[in-house]
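First the structure, in the form of structure tokens, and then the observations on it.
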Amino acid sequence: MSEITPDTVRHLASLARILVTEDEVETLAKELNVIVDAVATVKKAVSGDIKATSHPIPMANVYREDVVEPSLTQAEALSGAPDSADGRFRVAAILDED
């Protein structure tokens, strides 16, 4: 079993500037010990010859060729806008500019 003591929890809480009650200290110490033990169990199960993976099935990205196609002109794009100015969409300000 790991050694996460109530003093360790208090120290970590002070470093993180988290206020914890004594009941929370006791609970967190128990819970952190369970987590540390679980990680240690997984670490034991994995031997050094197993390659680390991010996904169990090999994957590759599928890309398509970029093809330039006709698109809207600036005027056509702005034609459906409720408001425009200087060739741009005009929208209400959402941030104060001081």
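The values are calculated or read from the model by the stated rules, or taken from the named source; none is laboratory data. Note that the structure is predicted; figures quoted are calculated from it, not measured. Note that we place each Cβ from the backbone using ideal geometry, even for glycine, and neighbour counts take in every protein chain shown.
Kindly provide the set of residues from region 4-17 that are assigned to a loop (DSSP other than H, G, I, E, B), exposed (fewer than 11 other Cβ atoms within 10 Å of the Cβ) and either in contact with a helix residue (DSSP H, G or I) (Cβ under 9 Å, 6 or more places away or on another chain) or of a type outside the set (A, V, I, L, M) (or both), ordered by number.
ARG17
Applying the selection to region 28-71, what residues are in contact with a helix residue (DSSP H, G or I) (Cβ under 9 Å, 6 or more places away or on another chain) and part of a helix (DSSP H, G or I)?
Across region 28-71, the qualifying residues are LEU28, ALA29, LEU32.
If we keep just the residues of region 72-93 that are aliphatic (A, V, I, L, M) and part of a loop (DSSP other than H, G, I, E, B), which is nearest to GLU3 (Cα to Cα)?
The qualifying residue nearest to GLU3 (Cα to Cα) is ALA93.
Cβ-Cβ below 8 Å, separation at least six or inter-chain, first residue in region 76-90 and at pLDDT 90 or above, second part of a strand (DSSP E or B) and not acidic (Asp, Glu): which pairs?
From residues that are at pLDDT 90 or above, the pairs are LEU78/SER84; LEU78/ARG88; LEU78/PHE89; ALA81/PHE89; ASP83/PHE89; ARG90/SER84.
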